[in-house]
């Protein structure tokens with residue numbers, strides 16, 4: 001795969017996508033969003049166990065949206081911009097395989113929102129999270145007002161959105177925004193790989209259904225409990241269930257085929 005602002009590396013069925021604008025602190029401009037959309041669309045076609053999303057360099061995961069592209073936008077254009085970001089980030093959130101953000105340095109504005117669209121987050125000690133949009137007289141536009149509440153609760157999410165304060169990695173861990181804090185970027189990537197490899201030993205259909213059902217909890221008008229019942233029943237039509245049950249009874253490791 002070739003991209004303007006991304007690097008694509010697929011090894012041992014683990015895809016690492018690197019946002020490659022280190023000179024711009026990996027800010028999300030239109031071309032980068034196009035690359036991210038294309039990369040995850042291609043990822044769904046590949047035989048992979050999971051995706052690691054990371055920023056190039058040592059300073060930032062993604063420092064935010066590219067503010068230079070906001071100049072001259074009217075209400076309709078800005079709404080279209082926000083909707084495009086929502087659509088791309090929803091596609092990441094709905095991937096049927098685990099997507100892990102490795103957050104090294106700044107994850108602000110659109111960068112924080114991108115990390116929250118991933119299923120898990122692993123930070124390094126220099127990571128900084130925040131939604132500083134009100135400093136510019138705007139608000140988060142890529143799902144930040146919704147996902148931050150989901151992870152850390154209404155009161156703390158409101159505080160971060162309204163004050164534009166940043167939080168460090170340890171605070172993010174304490175609040176439940178990140179899953180782990182690792183010593184440095186390389187260690188964090190290895191941790192992400194180990195998690196994906198562990199998940200990769202489980203039933204692929206079941207993994208996809210877990211992600212689908214957990215996401216259903218947050219969808220307006222969707223009964224997550226009903227979604228779980230439906231998914232539970234659907235899974236029993238797969239050969240993976242037969243293999244998993246038989247392997248358990250025979251006290252051996254299952255050989256899941258993902259169908």
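Observations, loosely collected:
- Any hit, region 28-45, residues being part of a strand (DSSP E or B), in contact with a strand residue (DSSP E or B) (Cβ under 8 Å, 6 or more places away or on another chain) and touching a residue at least 24 places away in the same chain (Cβ under 8 Å): yes
Residues are listed down the side, and each one gets a yes or a no for (1) under 16 Å from the mean Cα position of the chain (by Cα); (2) more than 29 Å from residue 14 (Cβ to Cβ):
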{"position": "105", "(1), (2)": "no, no"}
{"position": "143", "(1), (2)": "yes, no"}
{"position": "162", "(1), (2)": "no, yes"}
{"position": "175", "(1), (2)": "no, no"}
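- Residue in region 65-75 that is within 20 Å of residue 17 (Cα to Cα), touching a residue at least 12 places away in the same chain (Cβ under 8 Å) and in the same structural domain as residue 175 (by TED's automatic domain parsing) present: yes
- Per the conditions (1) surrounded by fewer than 19 Cβ atoms within 10 Å (Cβ to Cβ); (2) modelled with pLDDT of 95 or more, the sole criterion not satisfied by residue 74 is (2).
- Flag for residue 93 being more than 24 Å from residue 43 (Cβ to Cβ) and modelled with pLDDT of 95 or more: no
- Filter result for residue 15 (in contact with a helix residue (DSSP H, G or I) (Cβ under 7 Å, 6 or more places away or on another chain), over 30 Å from residue 204 (Cβ atoms) and either modelled with pLDDT of 95 or more or exposed (fewer than 13 other Cβ atoms within 10 Å of the Cβ) (or both)): no
- Unmet criterion (only one of (1) assigned to a helix (DSSP H, G or I); (2) more than 30 Å from residue 238 (Cβ to Cβ)) for residue 225: (2)
- Filter result for residue 190 (under 19 Å from residue 58 (Cβ atoms) and in contact (Cβ under 8 Å) with a residue 12 or more places away in the chain): no
- Take the conditions (1) in a helix (DSSP H, G or I); (2) not assigned by TED's automatic domain parsing to the domain that holds residue 67; residue 193 misses just one of them, which is (2).
Residue-wise test of (1) within 29 Å of residue 46 (Cα to Cα); (2) surrounded by fewer than 20 Cβ atoms within 10 Å (Cβ to Cβ); (3) assigned by TED's automatic domain parsing to the domain that holds residue 19; (4) free of Cβ contacts under 8 Å to residues at least 12 places away in the same chain.
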{"site": "101", "(1), (2), (3), (4)": "yes, no, yes, no"}
{"site": "104", "(1), (2), (3), (4)": "yes, no, yes, no"}
{"site": "123", "(1), (2), (3), (4)": "yes, no, yes, no"}
{"site": "127", "(1), (2), (3), (4)": "no, no, yes, no"}
{"site": "186", "(1), (2), (3), (4)": "yes, yes, yes, yes"}
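The values are calculated or read from the model by the stated rules, or taken from the named source; none is laboratory data. None of the values given here were measured: they were computed from a predicted structure. Reconstructed Cβ throughout: ideal geometry from the backbone, glycine too, with neighbour counts over all protein chains shown.
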